[in-house]
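Have a look at the structure below, then the notes.
The values are calculated or read from the model by the stated rules, or taken from the named source; none is laboratory data. Keep in mind the model is a prediction, meaning the values are calculated, not measured. When we count neighbours, we look across all protein chains shown, and the Cβ atoms used for this are built from the backbone with ideal geometry, even at glycine. Each accessible area value is taken on the protein alone, full model and side chains, heavy atoms only, with ligands, DNA and RNA left out. Shrake-Rupley method; radii C 1.70, N 1.55, O 1.52, S 1.80 Å.
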Amino acid sequence: MSDLEAPLRPKRKKIWVDYFVQFRWIIVIFVVLPISFTIYFLTYLGDVKSDRKSFKQRQKEHDENVKKVVNRLKQRNPSKDGLVCTARKPYIAVGMRNVDYKRARHFEVDLSEFRNVLDIDKERMIARVEPLVNMGQISRVTVPMNLSLAVVAELDDLTVGGLINGYGIEGSSHLYGLFSDTVVAYEIILADGRLVRATKDNEYSDLFYAIPWSQGTLGLLVAAEIKLIPVKEYMRVTYKPVIGNLQELAQGYVDSLAPRDGDQDNPEKVPDFIETMIYSPTEAVCMTGRYASKEEAKKKGNVINSVGWWFKPWFYQHAQTALKKGEFVEYIPTREYYHRHTRCLYWEGKLILPFADQWWFRWTLGWLMPPKVSLLKATQGEAIRNYYHEMHVIQDMLVPLYKVGDALEWVHREMEVYPIWLCPHRLFKLPVKTMVYPEPGFEHHHRQGDTEYAQMYTDVGVYYAPGPVLRGEEFDGSEAVRRMESWLIENHGFQPQYAVSELNEKNFWRMFDASLYEHCRRKYGAVGTFMSVYYKCKKGRKTEKEVQEAEQAHLETPYAEAD
């Protein structure tokens, strides 16, 4: 058996949950989609209403809402009330991890009003927004101005707060880093009710660097100032097929974003956008994008493809056609390109609605897509959720660029999931060591894609049912995730915390660095007020006793040692 061959597995006996999942599309079509569409429409109307308000009115409402949060925090009795949590229902979050920590006794703070774009400063090239502003909302405001956030995560529903406190990436991250790297200031309410503004060079600089990946466990984010960039009306997208083994596919991907001469900062050699989709162990399509003007896009002979229309083929399937017809180029309206994966949720839509990619469904009901992830989660019980944890993979592996081929081989051998999404991002060398950091000494190796100030990483996105599950064979999802996490730790990789994790506390802090985070937890009074990030990510139910014991342990001892 070759290294890439998956082991033979025994057949798995079907249970009632299998049949429920198989026919879940009935609930999705008749319940989830109509409600999703209604919520999207009402949210859009709310956004339009907000946009029509003056800056002074939005700022006044923001200040009033901040006062409400401060007053609410001051009402808390630490000896009687539980740890502070937001009042959002557990299923609202787009992430896949359990949020059972809210089942323990907790003190709720309502942040639901913080969903306004406060200001677009064209001179400073800064957008000041509240944490519940989502990507669809911000791009709808900025793109008509020929402006955009430097990193616009693909799915419309992803919020600024979630992308800052958790994880956010886009095809432009090979230039600008992760979403949190584009933030220039955070407005945070600390445990004692103080409102502070943290930047990289003020008195709260340690807090500024500690917030990303902290999952809201250092304070309550109420606003952020985020970098804007100038953009054009269209994206010129080149689809290039790559054929070969997984290492050769990985090298084709690396070559699409990283000049072999090391000239990584040359805009003539490095595209504005990069992504690659691996469709099988031997086939991939690399996509590169460059901003283009309306005049260029409409020149005779150029193809314009408005991928945002509901009846259009799903983007990942459209890109796959390059494997048959060869390399081709087209122009996509910029905002539609940003959200190209929203309608089909990458390719998860195929599992949710197996026939939703067919022309007849797209033309008749495609306008109802996508279903809201929160509603999908709300309509599944405990048994269904556990089933998906075992029979489904939604994970991202953040690995150094030079290890992408090894990561692809590992995924094929252990999970056998296709398609796989590849998206590069810079991991910057910062003045302090944050939770996620480059390999020590990376700058001395001069590897393809790296610079003196940043190591190039890649998100290996693994989202779908594994091959063994599709074939009806036994598959242990929890054990597969445990092996994946071990592989990441051994290869200086990271696992975004939105996903279901099997890490114990010791291994969690082997993957992430705790020093700055724990320093800020203690300095700014978060211990005893906000749950620690590990415990918030930990899989399973959290009782009040468990929460109290965990927080007491943090009060009495330093963070878990790495060894």
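Pairs over the 22 Å Cα-Cα cut-off, from the set LYS232/LYS300; LYS60/LYS523; LYS232/LYS429: LYS60/LYS523; LYS232/LYS429.
Estimated at the nearest 10 Å², the accessible area of ARG290 is 80 Å² with a 1.4 Å probe. Annotation for region 294-325 versus region 382-448: alpha-carbon center distance of 29 Å. The helix-only estimate of mean residue ellipticity at 222 nm for the chain, built from DSSP H runs of length n ≥ 4 each weighted as -39500 (n - 2.57), is -9500 deg cm²/dmol after division by the residue total. Taking Lys and Arg as +1 and Asp and Glu as -1, the other residues whose beta-carbon sits under 13 Å from that of HIS519 total +1.
Once Cα extents along the principal axes in Å is calculated for the structure shown, the corresponding label among [x] 69, 56, 46; [y] 66, 59, 57; [z] 66, 59, 51 turns out to be [y]. Among the listed pairs LYS269/LYS403; LYS68/LYS122; LYS377/LYS536, a Cα-Cα separation exceeding 24 Å is found for LYS68/LYS122. The residues packed around LEU368, meaning those with a beta-carbon under 13 Å from its beta-carbon, carry a net charge of +3 if Lys and Arg are +1 and Asp and Glu are -1. Surface listing: GLU108, GLU409, GLU113 arranged by accessible area from highest to lowest gives GLU113, GLU108, GLU409, probe 1.4 Å. Note on surface exposure: SER486, SER180 rank SER486, SER180 by accessible area, highest first, 1.4 Å probe. Based on the reciprocal of the average 1/r between different C-alpha atoms, the Kirkwood radius for region 369-449 equals 16.3 Å. Over all other residues within a Cβ to Cβ distance under 12 Å of TYR437, the charged ones net out to 0, with Lys and Arg as +1 and Asp and Glu as -1. Enter the Cα centre distance for the pair region 239-293 and region 480-504, rounded to the nearest angstrom. Using only Cα atoms, the two centres lie 26 Å from each other.
The order of LEU163, LEU132 by accessible area, most exposed first and with a 1.4 Å probe, is LEU132, LEU163. At the residue level, TRP487 shows approximately 30 square angstrom of accessible surface with a 1.4 angstrom probe and all protein chains present.
Counted as membrane-span-like here are DSSP H helices of the chain whose alpha-carbon atoms extend 24 Å or more along the helix's own axis and whose Kyte-Doolittle mean is 0.5 or above; these are 33-51. Here GLU248 and LYS294 are evaluated by their C-beta separation; at R0 = 41 Å the FRET efficiency comes out at 0.60. LEU111 exposes around 30 Å² of accessible area when a 1.4 Å probe is run over every protein chain in place.
When only Cα pairs below 8 angstrom with a gap of at least 6 residues are kept, the chain shows a relative contact order of 19 percent.
For LYS324, the lysines whose Cα falls under 23 Å of its own Cα, not counting residues fewer than eight places away in the same chain, are LYS240, LYS312, LYS350.
Here LYS14 is the anchor, and the aspartates and glutamates within straight C-alpha reach of less than 16 Å, apart from those fewer than 8 places off in the same chain, are GLU390, GLU473, GLU474, ASP476.
In region 175-298, the convex hull through the Cα atoms has an average projected area of 11.2 nm², a quarter of its surface area.
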